[in-house]
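The values are calculated or read from the model by the stated rules, or taken from the named source; none is laboratory data. The structure presented is a predicted model; accordingly, all values stated were derived computationally and were not measured. When we count neighbours, we look across all protein chains shown, and the Cβ atoms used for this are built from the backbone with ideal geometry, even at glycine. Only protein heavy atoms, including side chains, enter the accessible area calculation; ligands, DNA and RNA are left aside. Shrake-Rupley method; radii C 1.70, N 1.55, O 1.52, S 1.80 Å.
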Amino acid sequence: MTSDVSGRAVVVNIPDNAVRTLTVEDIYDKDKYDLSKMEEGDVFKMLNATREGLTDEEVNERLLKFGHNRLEQKEKSRILQFLLFMWNPLSWVMEAAAIVAIAVSNGGGLPPDWEDFLGIVLLLLANSIIGFIEQQNAGNAVKTLMASLAPEAKVKRNGEWKVIAASGLVPGDVISIKLGDIVPADGRVIAAHGAVSMDQAALTGESLPVSKSVGDELFSGALCKQGEAEVIVTGTGEHSFMGVTVKLVHSAQNDMGHLQLILSKIGNFCIVGIVIFIVAEILVMYAGFRYNYRRGINNILVLLIGGIPIAMPTVLSVTLAIGAKQLSKHKAIVTHITAIEELAAVTILCSDKTGTLTLNKLVIDKSLVKKYSDTDNNQIIHYAAIASRMENQDAIDACITSTYGDMKKIREGIEELDFKPFNPTDKRTEITYRTINDGKLHRITKGMSHTILDLCTRDKTTEQIKQLNDDVDEFARRGLRALAVAIEDVPNGEIDCKGNGFKLIGLLPIFDPPREDTKETIDRALKLGVKVKMITGDQLAIAKETGRRLGMGDKMFLSRTLKDGPPIDSSYHDTEDLILHADGFAGVYPEHKYEIVERLQKMGHMIAMTGDGVNDAPALKKANVGIAVADASDAARSAADIVLLEPGLSVIIEAILGSRQIFQRMRNYAIYTCSVTIRILVGFSVLIFAFQFDFPSFMVLILAILNDGTIMTISKDRVEPSPYPNSWNLFEVFTYAIVYGIYLSVSTVAFFAVIIKTTFFQDKFGVQTFEYRPLTDPNPEWNDPILHSIIYLQVSTISQALIFVTRSRGFFFTERPSIILICAFIIAQLVATFIAVYANWGFTDIQGCGWSWAGIVWIWNIIWFFPLDLIKFALRAYFDPKHEQIVEEVLTSKPSTDAQRQRRQSITADNAVPDGPPSRSGTVSNAQSLQQQRRRSTISDLTAKYYAPVIDHLSTSQRRGFAGHASNKVEPTFVAAPNELRRFSIVQTQQVSAVLNAGGEGANNRMNAS
């Protein structure tokens, strides 16, 4: 039976065993059978299901009929994927070079340049093949990582509850949904425990959570905000609300990845450089030197081939994928791999206190136990342990008994006669027991300090009352909870009779202690230039005491200061100044976390935020790097970039260190490849301008092949992490590249000049002399085939050696590279040397130079190599203070100086410009420069999309988003993506360790009440 629009009951004829006899199309034809409106009994009949769930046999049968609970992704053609590696701006330049070689290189009585054409095509194919293979390997690595974050659901099968992969759900399954869960399939509520509400904003546009009761329909992707429910699954996969919508909506969100933009900007830098020098060469060669057409084209090919870092997209993307796998070894699973870049740039880590900085386990500080009698500290704890439950303990009882030690010895020699557990009215526990050796009766009570004090009548004095009050106040100031203990004897031996009066014997300080490694970890974070801020919902006094114990400072404030501004007695200038320099905030609600993150970001800082609950999702989404801790809810994990498999802050710091190593590999390569581009463009152009020396274009191909083969090993190189946060400061990268490139060009030009303008090498080593040849010669001017070989070897060896300078922060020999990089370098240099010494390739105008000239080249390059470290140190002396300045400002708790506040205000104003992306590295000084920046960004955006095929394998899921919303703005009803949607990628870690059980949490609430 169902109902029509007017609400009248309509009889539905459901055939017997409908789930078998009807087709899938008929079952989901709403005109025939509307599962969303049927009576509950009809739903069970339609799906041939019961409240005890399905059997394994039924599940297997339905999987064959309905398919798995996922949206099947249409796989791209592997051939198309391969070809797309040759469809990006860098490849276009190489393809243009191939066209020039085969179609434009004509004239002079010579055939087209088939050698260069074939060489370029082979280089493109080789790069595409290597990139495609690496993409597949990296993609498999990503899938392996995501397998440890499998979507799961709690389902009733064969009458028993079990947790399975959400993709295994079928219509008719009975599933359980609790607070923080994301509904894995469409269904109808068949049982509700408490008030149930669902956040469906990402699906239906409803901005407020919707209450659900028995009989109501749930949509896959909805977030449980309150209560628990049992649901019968009615629609899975493409037959769910989400699946049907995907069929109707074909638009996809184009989320431009940050790595794509970086690739685009570096590629554009190289392309612009090539264009500038090609124009300069055309003017000089044809207008100035009156080169013939064919000779000039060959020189243009040199710049086209040698100036393009064709392997860059593959190297950077594979480095990230391999790095993500390395991070997983530190129990940090990256759900959005390009977030590794942002983790390396984090300057402030906003961390929760309970469970991350602390153990989330109550303990007694024995050194602070207060005595009010001659009973010693250990005996006071023993009495408190006797007055605790031995089974089904809450957090306080567990704390006391574990502090005492051996559970078996706590009640050794006594007999329990009566036990009164804690209740909110009495706010204490009490035990009456008999000692076996003498048969006497005794009572012990423990609980809220003033409740126990009011109960005490024996040996109670004014001084004792004052002392207790002072001790309780001291504990409160230090963030410690107080638990009083009192004892009395029962002389007449009757359980129900009064005793001789309770006597106060002690006050126990209870607190949640820091983790053993937290203080050391915070010290490591500070050395890495990362400020750790405590963001906790706990009391201010507790936050301050925890901060003191951890050495992270006690300049903490209540969340109301975010609205009211700095306290009158503080020295902070404004709220931004307080937020930046405070050690933490207490009494924080989820909206405060979001506000803290947002304000810090507007000041130009990269923020990491930890969270575990449903309401943390907006802040995790807002942060540059959202981190879901080990026991986080589904919603928090879904909104996070990184999911931790182990509790504690040390896991996060290890992840930061790992991300910085990964970033260093990418940065080292970027500097190296841009430097080589500059040295090719400048070096060979100057040789033409000054000496009319034409380097063979085919030899540049050999250079590119050997360079690419060597440099691809950098993704597995051993590197030291940076001592301060890293980000893509491309001005710095390009500055290093230009300086290195010009220096290497000078080494080549100087070497060439010494060879042809002096007799130094001839006099010292007895090698041959090169003479200027007339223009009628097949190799006119200084274009001797042997000289070509010599210059080839000089360029090849010192260019590849540059990687050892760019990969290290100190002298190149102080940081050992990986074995694979060393081996690749040695092999490449041996190949280059043997080519230079022995190759006699007439088609490319080179002739073996012999071992004497090879030895001279190596000695020359070694001499010129060592100053590269000094150049690096000089550049670091310019750039490092800027990094250190930012770090020092973040780490100090002192108010900002006027200069720092002005710089921060400038950054905040810059980030507030409409449609302008937040600036991470600097400020925009005026409207004109802002327009120029936007123009450059537009060009980068246009070219960035063409790098997508190279880094598609890094996308584990769509960008974080639907688990929580950062603003009140209602997002579009639905946005479909070409890959499996985020809502079916419910990030659910299997290795979750719950530190406190439900009883323990209740005990904590009890202590808060006291």
Check residue 505 against each of (1) farther than 27 Å from residue 373 by Cβ; (2) β-branched (Val, Ile, Thr); (3) surrounded by 21 or more Cβ atoms within 10 Å (Cβ to Cβ); (4) modelled with pLDDT of 85 or more and name the one condition it does not meet.
-> (1)
Give me the pairs: first residue in the stretch 11-38 and among the small types (Gly, Ala, Ser), second residue part of a helix (DSSP H, G or I) and open to solvent by 70 Å² or more (accessible area, probe 1.4 Å), beta-carbon distance under 6 Å, and six or more apart or on different chains, which are they?
-> none
Looking at (1) without any contact (Cβ under 8 Å) to a residue 60 or more places away in the chain; (2) among the aliphatic types (A, V, I, L, M); (3) within 30 Å of residue 607 (Cβ to Cβ), find the lone condition where residue 863 falls short.
-> (3)
If residue 711 passes every condition in (1) of a type outside the set (D, E, K, R); (2) more than 30 Å from residue 117 (Cα to Cα); (3) modelled with pLDDT under 90 but one, which one does it miss?
-> (2)
Tell me which residues, restricted to the stretch 173-185, are in a loop (DSSP other than H, G, I, E, B), buried (at least 24 other Cβ atoms within 10 Å of the Cβ) and either touching a Lys or Arg at 6+ places or on another chain (Cβ under 8 Å) or free of Cβ contacts under 8 Å to residues at least 24 places away in the same chain (or both).
-> 173
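It is to be established whether one or more residues within the stretch 261-273 are without any contact (Cβ under 8 Å) to a residue 12 or more places away in the chain, surrounded by fewer than 24 Cβ atoms within 10 Å (Cβ to Cβ) and of a type outside the set (Ser, Thr, Tyr). Reasoning before the result, please.
The initial filter retains those residues of the stretch 261-273 that are without any contact (Cβ under 8 Å) to a residue 12 or more places away in the chain, namely 272.
Adding the requirement that they be surrounded by fewer than 24 Cβ atoms within 10 Å (Cβ to Cβ) leaves 272.
Filter once more, keeping what is of a type outside the set (Ser, Thr, Tyr): 272.
Yes, the stretch 261-273 contains a residue that is without any contact (Cβ under 8 Å) to a residue 12 or more places away in the chain, surrounded by fewer than 24 Cβ atoms within 10 Å (Cβ to Cβ) and of a type outside the set (Ser, Thr, Tyr).
Just for the stretch 801-857: of the residues that are among the aromatic types (Phe, Trp, Tyr), open to solvent by 20 Å² or more (accessible area, probe 1.4 Å) and in contact (Cβ under 8 Å) with a residue 40 or more places away in the chain, which one is farthest from residue 721 (Cα to Cα)? Reasoning before the result, please.
As a first pass, look at the stretch 801-857 and keep what is among the aromatic types (Phe, Trp, Tyr): 804, 811-813, 825, 834, 838, 841, 843, 851, 853.
Adding the requirement that they be open to solvent by 20 Å² or more (accessible area, probe 1.4 Å) leaves 804, 811-813, 825, 834, 838, 841, 843, 851.
Checking the rest, the ones that are also in contact (Cβ under 8 Å) with a residue 40 or more places away in the chain come to 811-812, 825, 841, 843.
Values: 811: 15, 812: 15, 825: 23, 841: 45, 843: 47 Å.
Only one residue tops the list, namely 843.
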Qualifying residue in the stretch 747-760 (condition: touching a residue at least 40 places away in the same chain (Cβ under 8 Å), more than 26 Å from residue 869 (Cβ to Cβ) and in a helix (DSSP H, G or I)) | yes
Please find, among 803, 820, 826, the residue that is in the same structural domain as residue 715 (by the TED database), assigned to a helix (DSSP H, G or I) and more than 22 Å from residue 700 (Cα to Cα).
-> 820
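Residue by residue, here is whether (1) out of contact with any His (no Cβ under 8 Å at 6 or more places or on another chain); (2) outside any loop (DSSP other than H, G, I, E, B); (3) assigned by the TED database to the domain that holds residue 338; (4) modelled with pLDDT of 85 or more holds:
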position: 595; (1), (2), (3), (4): yes, yes, yes, yes
position: 599; (1), (2), (3), (4): yes, yes, yes, yes
position: 616; (1), (2), (3), (4): yes, yes, yes, no
position: 626; (1), (2), (3), (4): yes, yes, yes, yes
position: 630; (1), (2), (3), (4): yes, no, yes, no
Evaluation of residue 723 against (1) within 28 Å of the chain's Cα centre (by Cα); (2) crowded, with 17+ Cβ neighbours inside 10 Å (one fails), failing number | (2)
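Pick out the one residue from 318, 302, 279 that is among the aliphatic types (A, V, I, L, M), surrounded by fewer than 24 Cβ atoms within 10 Å (Cβ to Cβ) and not assigned by the TED database to the domain that holds residue 630.
Values: 318 fails: surrounded by fewer than 24 Cβ atoms within 10 Å (Cβ to Cβ); 302 fails: surrounded by fewer than 24 Cβ atoms within 10 Å (Cβ to Cβ).
Unique residue meeting the criteria: 279.
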Counting just the residues of the stretch 685-696 that are in a helix (DSSP H, G or I) and open to solvent by 10 Å² or more (accessible area, probe 1.4 Å), which one comes out nearest to residue 817 (Cα to Cα)?
-> 686
Out of all the residues in the stretch 321-366, which are in a loop (DSSP other than H, G, I, E, B), charged (D, E, K, R) and surrounded by fewer than 24 Cβ atoms within 10 Å (Cβ to Cβ)?
-> 329, 331, 361, 365
Total residues in the stretch 209-224, condition open to solvent by 30 Å² or more (accessible area, probe 1.4 Å), under 17 Å from residue 235 (Cα atoms) and assigned to a loop (DSSP other than H, G, I, E, B) = 2
Test: residue 649 is farther than 30 Å from residue 290 by Cβ and surrounded by fewer than 24 Cβ atoms within 10 Å (Cβ to Cβ) | no
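Looking for something among the acidic types (Asp, Glu), free of Cβ contacts under 8 Å to residues at least 12 places away in the same chain and either touching a strand residue (DSSP E or B) at 6+ places or on another chain (Cβ under 8 Å) or open to solvent by 30 Å² or more (accessible area, probe 1.4 Å) (or both) - is there at least one such residue anywhere in the stretch 599-619? So that I can check it myself, show each step before the final result.
Quick first cut of the stretch 599-619, residues among the acidic types (Asp, Glu) only: 612, 616.
Pick out the ones that are also free of Cβ contacts under 8 Å to residues at least 12 places away in the same chain and you get none.
No, the stretch 599-619 has no match at all.
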Mind telling me which of the residues 739, 754 ends up being more than 29 Å from residue 716 (Cβ to Cβ), open to solvent by 20 Å² or more (accessible area, probe 1.4 Å) and within 57 Å of the chain's Cα centre (by Cα)?
-> 754
If we take the stretch 384-465, then helices (runs of 4 or more DSSP H) inside it with 1 or more residues that are within 24 Å of residue 374 (Cβ to Cβ), in contact with a helix residue (DSSP H, G or I) (Cβ under 9 Å, 6 or more places away or on another chain) and hydroxyl-bearing (Ser, Thr, Tyr) are 395-404, 449-455
If only one of 789, 796 is open to solvent by less than 50 Å² (accessible area, probe 1.4 Å), assigned to a helix (DSSP H, G or I), touching a Leu at 6+ places or on another chain (Cβ under 6 Å) and at pLDDT 85 or above, which one is it?
-> 796
Out of the residues in the stretch 515-571 that are within 29 Å of the chain's Cα centre (by Cα) and at positive phi, state the one that is most open to solvent (accessible area, probe 1.4 Å).
-> 551
Residues that are of a type in the set (D, E, K, R), closer than 28 Å to residue 549 by Cβ and without any contact (Cβ under 8 Å) to a residue 12 or more places away in the chain, drawn from the stretch 467-507 = 470, 473, 474
Mind checking whether some residue in the stretch 240-259 is at pLDDT 85 or above and under 32 Å from the mean Cα position of the chain (by Cα)?
-> no
